[in-house]
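Here the structure comes first, spelled out in structure tokens, and everything after it is commentary.
The values are calculated or read from the model by the stated rules, or taken from the named source; none is laboratory data. Note that the coordinates shown come from a computational prediction; the quantities given were computed from them, not determined experimentally. Heads up, the Cβs are rebuilt from the backbone with ideal geometry, glycines too, and the neighbour counts pull from every protein chain shown.
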Amino acid sequence: MTQQWTLDIASIAAGGDGVARHEGLVVFVPRTAPGDRVVASVEQKGRLARGRVDRLEVPGPGRVTPACPHYERDHCGGCQLQHLSIEAQREAKRHIVQETMRRIARRDLPLPAMVGGERVWHYRRKLSLAIRRDASGVRAGFHAWDDPDRVFSLEECRLAEPALLEAWREVLAAERWLPSDPRLRGNVRLAEGGASFVLEGGREWRHHATFAGQVPSIGAIWWVPDGATRRLLHDRREHASPAASFAQVNPEVGALLSEFVIDRAMAHDPATVVDAYAGAGDVAAALSGRGCRVTAIELDREASAFSATRLGEGSRAIAARVEEALEGALPADVVILNPPRAGVDARVTALLARAERRPRAIVYVSCDPATLARDVARLGGWRVSGMTAFDMFPQTAHVETVCELVPEEAA
């Protein structure tokens with residue numbers, strides 16, 4: 001049953017919804033700001049409820065007018081926090097990290113510092129869009145936040161670099177040469193070697209050569225057919241390396257984060273370092289260049305092979321799953337963990353928790369506070385010595401976090 005309540009929004013939850021309390025219930029209300037008073041239609045499920053704003057009665061101090069027309073007109077789900085000032089966004093993210101660590105990891109920690117870049121618009125170098133074909137034609141865009149099945153046609157994106165949008169427009173102009181399947185997904189990425197396009201979906205792509213000829217700004221084209229692995233179909237880039245596949249979405253903040261990780265690792269004066277989920281080896285190469293013996297573990301064989309070419313004498317690259325290779329890479333003075341959103345395998349935290357000779361520090365780089373907190377909760381015998389948040393994705397609810405852990409006996 002839907003009820004209409006007046007709610008005072010107190011905070012922002014992970015995912016970007018505003019949070020209010022009403023007669024003991026926690027109510028999540030999308031597109032609201034701390035300090036807002038709203039009238040909302042609310043549906044209750046157990047001790048939680050979800051609301052939708054009917055009327056904004058009092059705006060919170062951090063509320064602003066969204067800059068992108070898609071945000072309100074099309075209910076674009078690509079951003080979640082455009083209605084907050086950048087200062088309010090960053091403060092909300094600091095609290096999200098702190099609260100998630102308290103709730104899941106049971107660690108009461110001070111608010112983390114926040115590091116942000118100067119560019120809060122036009123910073124993205126990768127853009128993934130859903131492609132839909134139906135009787136009305138072809139459209140490519142984001143999903144609506146309140147109707148995940150609906151995809152609207154993207155006209156502009158204030159987060160993307162202009163060159164990225166131009167590359168996407170080339171792709172869309174050549175859409176007749178894509179597979180005829182009604183549901184596809186594509187992403188365009190800008191990197192040092194040029195733009196690349198990855199198409200996901202479809203059973204056959206007969207006209208990929210014709211498509212390639214219609215997109216001159218796209219240097220490389222990959223295809224991931226339904227139920228199959230990725231294939232490189234065309235590559236006209238010069239001197240391209242696997243590093244292009246692992247380039248940061250936000251280069252400015254990505255560089256700040258990498259420098260910070262290197263600094264925190266070196267603060268423990270390591271002779272040996274394990275860089276787990278090492279990608280193309282940027283951090284591993286930097287640490288190797290500073291005299292550390294680095295073991296860089298990365299599942300992607302192409303990236304691992306490229307990483308190996310960048311490491312100094314005494315360092316090595318291993319193409320394997322971290323949970324399978326870590327034990328053989330230990331002992332080490334510092335372990336860097338930089339896993340995907342799913343976090344680390346439980347075998348990794350179990351190994352680090354019981355290691356006979358513990359590293360001096362673990363430097364954990366996370367793109368999801370919830371999986372970070374889960375993994376920290378598994379690390380018995382380790383204490384959090386520092387946490388720093390990075391605003392890698394302004395206008396969205398996503399936040400990167402660097403969590404530094406040391407053995408409890410080092411306290």
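Looking at Ala303, is it under 21 Å from the mean Cα position of the chain (by Cα), part of a helix (DSSP H, G or I) and over 21 Å from Thr100 (Cβ atoms)?
yes
Do we find that Leu154 is assigned to a loop (DSSP other than H, G, I, E, B) and not assigned by TED's automatic domain parsing to the domain that holds Gly186 in this structure?
Taking the combined requirement at face value, the residue does not satisfy it.
Just the residues that are surrounded by fewer than 19 Cβ atoms within 10 Å (Cβ to Cβ) and not aliphatic (A, V, I, L, M), please, taken from region 42-62.
The answer is Glu43, Gln44, Lys45, Gly46, Arg47, Arg50, Arg52, Asp54, Arg55, Glu57, Pro59, Pro61.
Given the options Leu257, Leu233, Leu184, name the one that is touching a Phe, Trp or Tyr at 6+ places or on another chain (Cβ under 7 Å) and either more than 21 Å from Ser307 (Cα to Cα) or not aliphatic (A, V, I, L, M) (or both).
Result: Leu233 is the single residue among Leu257, Leu233, Leu184 that is touching a Phe, Trp or Tyr at 6+ places or on another chain (Cβ under 7 Å) and either more than 21 Å from Ser307 (Cα to Cα) or not aliphatic (A, V, I, L, M) (or both).
Does any residue of region 78-93 turn out to be surrounded by 22 or more Cβ atoms within 10 Å (Cβ to Cβ) and under 24 Å from Ala173 (Cα atoms)?
Yes - at least one qualifying residue is present in region 78-93.
Determine whether region 214-225 contains at least one residue that is in a loop (DSSP other than H, G, I, E, B), more than 19 Å from Ala167 (Cβ to Cβ) and hydrophobic (A, V, I, L, M, F, W, C).
No, region 214-225 contains no residue that is in a loop (DSSP other than H, G, I, E, B), more than 19 Å from Ala167 (Cβ to Cβ) and hydrophobic (A, V, I, L, M, F, W, C).
Taking the criterion of being without any contact (Cβ under 8 Å) to a residue 12 or more places away in the chain, among the hydrophobic types (A, V, I, L, M, F, W, C) and either more than 13 Å from Asp74 (Cβ to Cβ) or crowded, with 19+ Cβ neighbours inside 10 Å (or both), would at least one residue in region 154-165 satisfy it?
No, the conditions are met nowhere in region 154-165.
Would you be able to say whether some residue in region 290-305 is touching a Ser or Thr at 6+ places or on another chain (Cβ under 6 Å) and acidic (Asp, Glu)?
Yes, region 290-305 contains at least one residue that is touching a Ser or Thr at 6+ places or on another chain (Cβ under 6 Å) and acidic (Asp, Glu).
Yes or no, residue by residue, for (1) part of a strand (DSSP E or B); (2) within 21 Å of the chain's Cα centre (by Cα); (3) surrounded by fewer than 17 Cβ atoms within 10 Å (Cβ to Cβ):
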| position | (1), (2), (3) |
| --- | --- |
| Leu326 | no, no, no |
| Ala342 | no, yes, yes |
| Val363 | yes, yes, no |
| Phe393 | no, yes, no |
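For the condition in a helix (DSSP H, G or I), at pLDDT 95 or above and of a type outside the set (Lys, Arg), what is the one hit in Val253, Val198?
Every option except Val253 fails the conditions.
Is there a residue in region 277-289 that is at pLDDT 95 or above, over 30 Å from Asn187 (Cα atoms) and surrounded by fewer than 17 Cβ atoms within 10 Å (Cβ to Cβ)?
Yes, region 277-289 has at least one match.
Within region 328-340, count every residue that is closer than 30 Å to Ala14 by Cβ and surrounded by 15 or more Cβ atoms within 10 Å (Cβ to Cβ).
Going through region 328-340 one residue at a time, the tally reaches 6.
Can you work out which of the residues in region 290-310 that are farther than 10 Å from Asp275 by Cβ and touching a strand residue (DSSP E or B) at 6+ places or on another chain (Cβ under 6 Å) is surrounded by the fewest Cβ atoms within 10 Å (Cβ to Cβ)?
Arg301
Looking at Ile262 and the list (1) part of a helix (DSSP H, G or I); (2) within 25 Å of Pro369 (Cα to Cα); (3) at pLDDT below 95, which single condition is not satisfied?
For Ile262, the failing item is (3).
Can you tell me how many residues in region 227-238 are touching a Gly at 6+ places or on another chain (Cβ under 7 Å) and exposed (fewer than 13 other Cβ atoms within 10 Å of the Cβ)?
1
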